[in-house]
Structure formats: structure tokens, C-alpha cells
1. Looking at segment 62-83 only, could you name the residues that are outside any strand (DSSP E or B) and at pLDDT 95 or above?
2. Please specify each residue of segment 44-56 satisfying the condition of being surrounded by fewer than 16 Cβ atoms within 10 Å (Cβ to Cβ) and at pLDDT below 95.
3. Filter segment 84-134 down to residues that are among the aliphatic types (A, V, I, L, M), open to solvent by 80 Å² or more (accessible area, probe 1.4 Å) and not in a helix (DSSP H, G or I), then give me how many there are.
4. Which residues, taken from segment 67-83, are open to solvent by 20 Å² or more (accessible area, probe 1.4 Å) and among the β-branched types (Val, Ile, Thr)?
5. Hey, can you tell me all the residues within segment 14-38 that are aliphatic (A, V, I, L, M) and surrounded by 20 or more Cβ atoms within 10 Å (Cβ to Cβ)?
6. How many residues, within segment 1-13, are in contact (Cβ under 8 Å) with a residue 24 or more places away in the chain and either surrounded by fewer than 16 Cβ atoms within 10 Å (Cβ to Cβ) or touching a strand residue (DSSP E or B) at 6+ places or on another chain (Cβ under 6 Å) (or both)?
7. Report, ordered by the first and then the second residue, all pairs with beta carbons closer than 8 Å, sequence separation of six or more or different chains, a first member in segment 118-132 that is closer than 30 Å to SER167 by Cα and without any contact (Cβ under 8 Å) to a residue 60 or more places away in the chain, and a second member that is hydrophobic (A, V, I, L, M, F, W, C) and open to solvent by 10 Å² or more (accessible area, probe 1.4 Å).
8. Could you list, in sequence order, all residues of segment 8-38 that are small (Gly, Ala, Ser) and assigned to a loop (DSSP other than H, G, I, E, B)?
Amino acid sequence: MTEFKELTGQEGLDKIGGLIEDIRFAMLTTVSKDGSFDSRPMATQKTKFDGTVWFLTAHDSRKVVEISDNSHVTLVYADPSNAKYVSVKGRAFLSNDPQKIHELWNPMYQAWFPEGEKDPQIRVLRVDVSEAEFWEASDSKLVRSIKYLAAAATKGSVDVGEHGKVSV
């Protein structure tokens, strides 16, 4: 059994920010032309979460076309080793703002953008979050395992952590 929480405002932003800050990659899901969904891993930028998530992407990628057609996206973060999971819904926006590219740039991107920060293919992908849902274990993996075994042996329920929704 998990405790369900509904959070808003700064408390909600802090909760989501705390859960995703150490998860390097998110799966970005967009809506394709036929109405199905496409997902791909994206490196989340290391910025303080304030309701917006930032990425750098290539202008000629399929996701850019899909976002131009339908800006609704979902980001999924998972940290199985710490039993933290977050699903984020929002609207995606693209720009080629050189100031923001400079702010988000790190040398890792040279592999995708050989011309560096000035590469004409770079686009800033901003996701303005509208809501998020999270699941987080309250104990270490060992303690959770013991609780699961105890619950199975006694046919009882076990408190495994928190589940909640955040409205931004």
C-alpha cells in the first residue's frame, strides 16, 4: 500500500525537482502523425526545476516535426535502484535562442553538434510542465524486500512509499 499525496505550488515543484534531479535521462513521448506515440531518450539539462524542463535537440529530428504538429508531450523518469518513478505531462516549445543554447551547452553535445554551440541544427526544447505523477519507495531495497516477504507470509499489506500527483 502506498500513501497518495496531492501537491501543488512550491511544494509540488520541490517534490518533482527532488525526484528527477539525479536522473540524467528522460523518455520523451510525442504524438506521431498517425496518432500513435513515439518515445526516445533525452538528456535532461541540469537546471533547477521550476516547472520547466530543458533539452537540446536537432532541428531535423522527427520529434521536432511531431512537436510542431502537436505540442503535448510526456516525460518519463525512472531510477529503479532507488525506486523513484516520475511521469510528467506538458507542452513542448522549440527555439533557436543562442543565449539559451549557450547556457545549456556542455562539451558532451559536440558528438551531435560538430560545429559546437553555433551549429545551425541545434534547437532548444522547452517543456512547460502542467502536471506530474510520482511513485517513490520509502525505504532501501533491502528493507522493502523484507517488508514484501513479511506481507506475503502474513497475507497483510505493506507500506512501500508514496504515490502522488502534482499540479503545476
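1. Passing the criteria: ARG62, LYS63, VAL64, VAL65, GLU66, ILE67, SER68, ASP69, ASN70, SER71.
2. Within segment 44-56, LYS46, THR47, LYS48 qualify.
3. Adding up the residues that qualify gives 0.
4. If the condition is that a residue be open to solvent by 20 Å² or more (accessible area, probe 1.4 Å) and among the β-branched types (Val, Ile, Thr), then THR74, VAL76 are the ones that fit.
5. ILE16, LEU19, ILE20, ALA26, LEU28
6. The qualifying residues number 9.
7. Matching pairs, first to second residue: SER130/VAL168; GLU131/VAL168.
8. Correct list: SER32, GLY35, SER36.
The values are calculated or read from the model by the stated rules, or taken from the named source; none is laboratory data. Fair warning: this is a prediction, and the values are worked out from it, not measured in the lab. FYI the Cβ positions are ideal-geometry reconstructions off the backbone, even for glycines, and counts take in every protein chain you see. To get the accessible areas, we keep the full protein, side chains included, count just its heavy atoms, and leave off ligands, DNA and RNA. Shrake-Rupley method; radii C 1.70, N 1.55, O 1.52, S 1.80 Å.
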